[in-house]
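The values are calculated or read from the model by the stated rules, or taken from the named source; none is laboratory data. The model shown is predicted, which means the values in this text are computed figures rather than measured ones. Every residue, glycine among them, receives a Cβ derived from its backbone with ideal geometry; neighbour counts consider all protein chains shown.
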Amino acid sequence: MQGARRVSSLVRTVVCVRARLLAPPALKTVLWTTSLAFMGVACLVNASRCGRIHCVFTGPFFILGAVASLGYGVGLLPLGPSGWNWIGTVTIIGGIALTCIPELVLGRYRRNRPDAS
(Lines give C-alpha, C1' and ligand atoms only; values in the text may rest on other atoms or scores of the structure.)
Protein backbone atom coordinates (compact mmCIF):
# COMPACT_ATOMS: atom_id res chain seq x y z
CA MET A 1 0.00 0.00 0.00
CA GLN A 2 2.85 2.41 0.84
CA GLY A 3 4.45 1.81 -2.56
CA ALA A 4 1.19 2.60 -4.34
CA ARG A 5 0.86 5.86 -2.40
CA ARG A 6 4.39 6.87 -3.31
CA VAL A 7 3.78 6.13 -7.00
CA SER A 8 0.50 8.05 -6.86
CA SER A 9 2.24 11.02 -5.23
CA LEU A 10 5.00 10.94 -7.82
CA VAL A 11 2.46 10.81 -10.67
CA ARG A 12 0.59 13.81 -9.24
CA THR A 13 3.84 15.74 -8.92
CA VAL A 14 4.87 14.98 -12.51
CA VAL A 15 1.42 15.99 -13.79
CA CYS A 16 1.61 19.30 -11.91
CA VAL A 17 5.11 20.04 -13.18
CA ARG A 18 4.09 19.22 -16.76
CA ALA A 19 0.98 21.38 -16.40
CA ARG A 20 3.23 24.18 -15.17
CA LEU A 21 5.05 24.08 -18.49
CA LEU A 22 2.03 23.76 -20.75
CA ALA A 23 -0.84 25.57 -19.06
CA PRO A 24 -1.93 29.17 -19.53
CA PRO A 25 -0.93 31.54 -16.68
CA ALA A 26 -4.34 31.56 -14.96
CA LEU A 27 -4.42 27.76 -14.85
CA LYS A 28 -0.82 27.66 -13.62
CA THR A 29 -1.82 29.96 -10.77
CA VAL A 30 -4.73 27.71 -9.78
CA LEU A 31 -2.73 24.47 -10.11
CA TRP A 32 0.36 25.64 -8.22
CA THR A 33 -1.56 27.44 -5.49
CA THR A 34 -3.97 24.60 -4.76
CA SER A 35 -1.30 21.90 -5.03
CA LEU A 36 1.12 23.64 -2.69
CA ALA A 37 -1.64 24.58 -0.24
CA PHE A 38 -2.88 20.99 -0.17
CA MET A 39 0.63 19.64 0.37
CA GLY A 40 1.25 22.19 3.13
CA VAL A 41 -1.95 21.40 4.99
CA ALA A 42 -1.37 17.65 4.59
CA CYS A 43 2.12 18.00 6.05
CA LEU A 44 0.90 20.04 9.02
CA VAL A 45 -1.87 17.51 9.72
CA ASN A 46 0.65 14.68 9.47
CA ALA A 47 3.08 16.51 11.76
CA SER A 48 0.41 16.90 14.44
CA ARG A 49 -0.97 13.38 13.95
CA CYS A 50 2.17 11.26 13.94
CA GLY A 51 4.98 13.68 14.76
CA ARG A 52 6.99 13.32 11.57
CA ILE A 53 9.82 15.84 11.84
CA HIS A 54 10.13 16.90 8.21
CA CYS A 55 6.41 17.73 8.07
CA VAL A 56 6.93 20.42 10.71
CA PHE A 57 9.26 22.17 8.24
CA THR A 58 7.74 21.31 4.85
CA GLY A 59 4.16 22.21 5.84
CA PRO A 60 4.81 25.94 6.34
CA PHE A 61 7.27 25.93 3.42
CA PHE A 62 4.61 24.62 1.00
CA ILE A 63 2.00 27.04 2.33
CA LEU A 64 4.46 29.89 1.79
CA GLY A 65 4.99 28.53 -1.73
CA ALA A 66 1.23 28.60 -2.31
CA VAL A 67 1.11 32.24 -1.21
CA ALA A 68 4.08 33.04 -3.49
CA SER A 69 2.48 31.31 -6.49
CA LEU A 70 -0.80 33.12 -5.90
CA GLY A 71 1.04 36.43 -5.55
CA TYR A 72 2.99 35.86 -8.75
CA GLY A 73 -0.07 34.62 -10.62
CA VAL A 74 -2.12 37.71 -9.82
CA GLY A 75 0.79 40.06 -10.46
CA LEU A 76 1.65 41.11 -6.90
CA LEU A 77 5.02 39.34 -6.74
CA PRO A 78 7.43 40.53 -9.46
CA LEU A 79 9.57 37.48 -10.27
CA GLY A 80 10.07 38.35 -13.92
CA PRO A 81 9.27 36.23 -16.96
CA SER A 82 10.82 33.12 -15.38
CA GLY A 83 8.74 33.36 -12.21
CA TRP A 84 7.08 29.97 -12.60
CA ASN A 85 10.49 28.38 -13.11
CA TRP A 86 11.76 30.06 -9.94
CA ILE A 87 8.75 28.87 -7.96
CA GLY A 88 9.14 25.32 -9.29
CA THR A 89 12.88 25.19 -8.66
CA VAL A 90 12.62 26.58 -5.13
CA THR A 91 9.75 24.19 -4.38
CA ILE A 92 11.69 21.12 -5.53
CA ILE A 93 15.02 22.03 -3.93
CA GLY A 94 13.44 23.35 -0.73
CA GLY A 95 11.10 20.38 -0.43
CA ILE A 96 13.95 17.90 -0.79
CA ALA A 97 16.23 19.81 1.59
CA LEU A 98 13.50 20.29 4.22
CA THR A 99 12.58 16.62 3.98
CA CYS A 100 16.10 15.23 4.38
CA ILE A 101 18.10 17.63 6.55
CA PRO A 102 15.77 17.96 9.57
CA GLU A 103 15.39 14.17 9.84
CA LEU A 104 19.16 13.67 9.62
CA VAL A 105 19.68 16.14 12.47
CA LEU A 106 16.58 15.61 14.64
CA GLY A 107 15.50 12.06 13.83
CA ARG A 108 12.43 10.84 12.00
CA TYR A 109 9.75 11.39 14.67
CA ARG A 110 9.23 13.79 17.55
CA ARG A 111 9.95 12.45 20.97
CA ASN A 112 7.81 13.39 23.98
CA ARG A 113 4.64 13.98 22.02
CA PRO A 114 1.86 15.32 24.24
CA ASP A 115 -0.51 12.43 23.39
CA ALA A 116 2.15 9.74 23.95
CA SER A 117 1.47 7.44 26.90
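Data for the structure
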| quantity | calculated |
| --- | --- |
| Some residue of the range 44-59 being under 20 Å from Lys28 (Cα atoms) and of a type outside the set (S, T, N, Q) | no |
| Selected residue [more than 14 Å from the chain's Cα centre (by Cα), in a helix (DSSP H, G or I) and aliphatic (A, V, I, L, M)] from Leu104, Leu98, Leu76 | Leu104 |
| Positions within the range 35-67 being in a helix (DSSP H, G or I) and of a type in the set (Lys, Arg), in sequence order | Arg49 |
| Cβ-Cβ under 7 Å pairs, at least 6 apart or on other chains, the range 22-34 side at pLDDT below 90 and in a helix (DSSP H, G or I), far side surrounded by fewer than 19 Cβ atoms within 10 Å (Cβ to Cβ) and among the polar types (S, T, N, Q) | none |
| Candidate set from the range 64-86 (those that are in contact with a Leu (Cβ under 7 Å, 6 or more places away or on another chain) and among the aliphatic types (A, V, I, L, M)); member that is nearest to Leu31 (Cα to Cα) | Ala66 |
| Residue list for the range 94-117, restricted to those being of a type in the set (Gly, Ala, Ser), surrounded by 11 or more Cβ atoms within 10 Å (Cβ to Cβ) and without any contact (Cβ under 8 Å) to a residue 24 or more places away in the chain | Ala97 |
| The range 51-62: number of residues that are in contact with a Leu (Cβ under 7 Å, 6 or more places away or on another chain) and touching a residue at least 24 places away in the same chain (Cβ under 8 Å) | 6 |
| Candidate set: the range 28-64, residues that are of a type in the set (Phe, Trp, Tyr) and more than 18 Å from Pro102 (Cα to Cα); chosen: the one surrounded by the most Cβ atoms within 10 Å (Cβ to Cβ) | Trp32 |
| Residue count for the range 65-93, restricted to those that are surrounded by 14 or more Cβ atoms within 10 Å (Cβ to Cβ), among the hydroxyl-bearing types (Ser, Thr, Tyr) and closer than 20 Å to Arg12 by Cβ | 2 |
